[in-house]
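Here the structure comes first, spelled out in structure tokens, and everything after it is commentary.
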Amino acid sequence: MRSIFAVNLHSPRGMIEVESLTKLYDEFPAVTDLTFTVRPSEVMGLVGPNGAGKTTTLRCLAGIIPATRGRVRIAGEDLASHSIAAKRQLAFFSDEPRLFDYLTVWQHLVFTARIYQVADSIETGRRLLEELEMADKVDLLPGELSRGMKQKLAIACGLLHSPKVIFFDEPLTGLDPVGIRRMKDSILKRAREGAAIIISSHLLHLLEEICSHVLILKSGIKVIDGTMGEILQKFSEQSRDANLEDVFFRATGEARGNR
Amino acid sequence: MIGALLYLQVQSLRNRLRVRVRRLKKPKYLAGALVGAAYCYFFFFRNLLAGRRGAALVEYNSAPETMALFELLGALVLLVMVLSAWFFPHERAALVFSEAEMAFLFPAPVTRKTLIHFKLLRSQAAILLTTLLLTLVTRRFGGGGTAWIRAAGWWVVLSTLNLHTLGASFARTRLLEHGISNWRRRIIVLSGAALLLLAALLWLHHTIRPPEASDLESLKAIKYYVRRTLESGPAAYVLFPFRLVVRPYLAPDGGAFLLAVVPALALLLAHYFWAARSDVAFEEASLALAQKRAEIVASVRAGHWHGAAAKKTKKRAPFGLRSTGSPAVAFLWKNLISAGQAFSLRTWLFLAFFAICVGGPIGATQHGHGWVMPTVGIVTAILGAYSLFLGPAILRQDLRQDLANADVLKMYPLRGWQVVLGELLAPAAILTGVQWCLLLLSVTMFSRLPEGDTIPLANRLSIGAGAAIIAPMLNLISLVIPNASVLLFPAWVQIGREHVGGIEVIGQRLIFMLGSVLVFAFALLPAGVLFGLVFFLANLFVGVIVAVPLAAAVATTVLAAEAILAIWWMGRLFERFDVSAEPAA
């Protein structure tokens, strides 16, 4: 087990339950018949080549785009029939932070607090900004922030309502080494606090450090999933000391030379 | 090398056209293209093909005095444009390249001169298109004359101006390199222009004479005086080269055109050599310009059409937002911040105070006949009515702005109707505020009719109250239409994901505008009928003073019911709105 925290493998119920999720764009199947479960405190890495359907999967799970078929339950709430209750429990962070150009950092938190009805928003907001080292930036507009700072602001907004389920789509894109380290720490902290997390990323060595589980997608179809240990062990039978990168290339049939 | 650059231009144009033709397979573009083509035919090309209107105007325009005056005025406009090119700009010479062109061309073994030629070549595409449009428009609005002469004339004017602007930018940069600052250059240009003007005025004073009443008594007299002034003395010498550039456009026939075009082309060629042989470093400034343009494009693609070029500044919140309560209010709060500080409570209170404290006494103290008060009253009433139609087009702090962030909105734990209601509130509130202020002004100042008959205060208050009651719901309905259209036809409405143009988009907008007017009229019909009925009955029993607000209240109830239904339906649309299927090119 390479994960640095205890994984709750025996929790009776998943925080994210996905059954036969399928998403078609017109006739094109972006995701086909995807089934998996993520329990509290688990961090699942969603891995696959470009165009494998990772972002589509995450957007379906976050309720941003409707699934064509299948069922998604977030913290026990069906995303299709009880979307409001399900969405109250989740946060989604896209690779490109989406912010309102004309709201300052603090105004973003005030707005988000009203949308999610966060009663103690002032205290929580201040704490989050302190934690993310943005306390001195409350009056700045997104246009005055660096990319990393924008991402931090998006995270502060997403974490304001203490979500139980968190989706990260390429969370480390554009961050400097310090930012990457802090992001990793932040993800692990949320997992330790009981959140179920899915991360989509191409940075396999980083996923190997923070994920307890892995799901590999190719052309919208699940190739393999399981705990990090199980998967590495399975591929170690063919070669010693296999890492996630080896697993990725073998599982997806991609040639290393094409990198 | 220029062959490769030509290849880039031709292939880009070809592929752009192919994309345009391919998207005609989609009904929305095909319908738009048909309507757009019909519009262009009936508005522009019919006259060009039939030649009737143009032929009728040839005779008038061919009058030598009129032609000479047009030539002088055209030359004067060109002179102002040329002076502007030397006076206003403050930045170094920068050629407009796209980021891709810079990435490919700047590191490539391409000389600076080749890059200038590429730029000139590319600007010709825009000049030819502008030439076509200007030829059509000037003929449509009375330009008259032979089409090819007008087109060639426009081409000469635009090309010369383009080359001069480029050459001036190089010359300005060279002046900067020689230590002549922008302000020093401006002082020199301004002094030169002032000297010329002074010389022309002195000449006018001593040789002709200042204008007298007889020179201004008719259009013909004014034209004669202006022509005499510009055709003699220093003005004639200054305007001479500019007249050469304008002359081909105004040529009445082919022979005159050929005679006029030779000196104009000589000037054009001189400009070409001047610009092409300038060896000024423009790369760094071009990089900065490309970056600026890319930021604007990114901003536009993110849906911020109006604020794309402007630097954003922090805006004060219109009111304190608590963390609990209706989420729709959060959207009102957010979008009022987006609209700017002009729409704060303080502004509304000031305007209302102004209307009552200034308009009231003025309205009360006016006596006898006069047109000022009635005009103010009529103008404010017209502005109020216009705001119903123009307001939703100007104020876009709603779904049209935020749908570019649809994935964020979709993530919120809110019902669709809550999002839609919230999004509609800010523009509706602003429009209502504007209309109420106009109403206050109208009620206080519109105390008399033009004939002098007084309008009793009670009547004014009654009509004002009726309008004030009905205004919010009218605004909501007028805003529902474009916002529902965004959800129903995201590809037809400008929400900023992709900037599309062309004849099909003109057609789409025409269809859209017509549809909006029809839907608005249809939505008003039941309320209008009920208003009339209630007003008629109430007027019989309780009089007009009570009848107007009463009928307005009933009509407002009907409109409110329609708005509730529309918002609920739009909420369903928003919940089903598939951001992955949207939009559009």
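The values are calculated or read from the model by the stated rules, or taken from the named source; none is laboratory data. What you see is a predicted model; the values in this text were computed from it and never measured. Here Cβ is always computed from backbone atoms with ideal geometry, including for glycine, and neighbour counts include all displayed protein chains.
Observations on the model:
- Inspection of region A:62-75 finds a residue satisfying the criterion of being in contact (Cβ under 8 Å) with a residue 60 or more places away in the chain and β-branched (Val, Ile, Thr).
- When B:Leu136, B:Leu128, B:Leu121 are checked against the criterion of being over 21 Å from B:Leu83 (Cα atoms) and buried (at least 19 other Cβ atoms within 10 Å of the Cβ), B:Leu136 stands alone in meeting it.
- Residue among A:Thr68, A:Thr124, A:Thr56 that is of a type outside the set (A, V, I, L, M, F, W, C), crowded, with 18+ Cβ neighbours inside 10 Å and in contact with a Lys or Arg (Cβ under 8 Å, 6 or more places away or on another chain): A:Thr56
- Residues satisfying the stated conditions in region B:428-450, i.e. more than 34 Å from the chain's Cα centre (by Cα) and either surrounded by 20 or more Cβ atoms within 10 Å (Cβ to Cβ) or free of Cβ contacts under 8 Å to residues at least 40 places away in the same chain (or both): B:Ser447, B:Arg448
- In region A:175-253, counting only strands (runs of 3 or more DSSP E) that sit wholly within it, none holds 3 or more residues that are touching a residue at least 24 places away in the same chain (Cβ under 8 Å) and acidic (Asp, Glu).
- Beta carbons closer than 7 Å, at least 6 apart along the sequence or on distinct chains, pair a first residue in region B:1-27 that is farther than 18 Å from B:Ala125 by Cβ with a second that is small (Gly, Ala, Ser) for B:Arg23/B:Ala585; B:Leu24/B:Ala33.
Results for (1) assigned to a helix (DSSP H, G or I); (2) modelled with pLDDT of 90 or more; (3) crowded, with 19+ Cβ neighbours inside 10 Å; (4) touching a Pro at 6+ places or on another chain (Cβ under 9 Å), shown as yes or no for each residue.
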residue	(1), (2), (3), (4)
B:Gly452	no, no, no, no
B:Val486	yes, no, yes, no
B:Gly496	no, no, yes, no
B:Gly507	yes, no, yes, no
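- Residues of region B:310-356 that are more than 13 Å from every other protein chain (Cβ to nearest Cβ) and more than 24 Å from B:Gly422 (Cβ to Cβ): B:Leu349, B:Phe350, B:Leu351, B:Ala352, B:Phe353, B:Phe354, B:Ala355, B:Ile356.
- So B:Arg22, is it at pLDDT below 75, part of a helix (DSSP H, G or I), more than 25 Å from the chain's Cα centre (by Cα) and closer than 30 Å to B:Gly515 by Cβ: no
- Single match in B:Gly359, B:Gly384, B:Gly377 (criterion: away from chain A (no Cβ under 13 Å) and under 23 Å from the mean Cα position of the chain (by Cα)): B:Gly384
- Checked against (1) closer than 22 Å to B:Glu575 by Cβ; (2) at pLDDT below 90, B:Glu423 passes all but a single condition, namely (2).
- For first residues located in region A:102-126 and assigned to a helix (DSSP H, G or I), partners that are at pLDDT 90 or above and among the basic types (Lys, Arg) and lie 6+ apart or on another chain with Cβ distances below 7 Å form the pairs A:Val105/A:Lys137; A:Phe111/B:Lys334; A:Tyr116/A:Arg88.
- Residue within region A:42-54 that is more than 12 Å from every other protein chain (Cβ to nearest Cβ), in contact with a strand residue (DSSP E or B) (Cβ under 9 Å, 6 or more places away or on another chain) and of a type in the set (Asp, Glu) present: yes
- Per-region count, region A:206-231, residues over 18 Å from A:Gly51 (Cα atoms) and in contact with a Leu (Cβ under 7 Å, 6 or more places away or on another chain): 5
- Region B:558-577, residues that are away from every other protein chain (no Cβ under 14 Å) and either surrounded by fewer than 14 Cβ atoms within 10 Å (Cβ to Cβ) or charged (D, E, K, R) (or both): B:Ala561, B:Glu562, B:Ile564, B:Leu565
- Applying the condition of being hydroxyl-bearing (Ser, Thr, Tyr) and over 15 Å from A:Gly125 (Cβ atoms) to region A:87-115 and asking which residue is farthest from the other protein chains (Cβ to nearest Cβ) yields A:Ser94.
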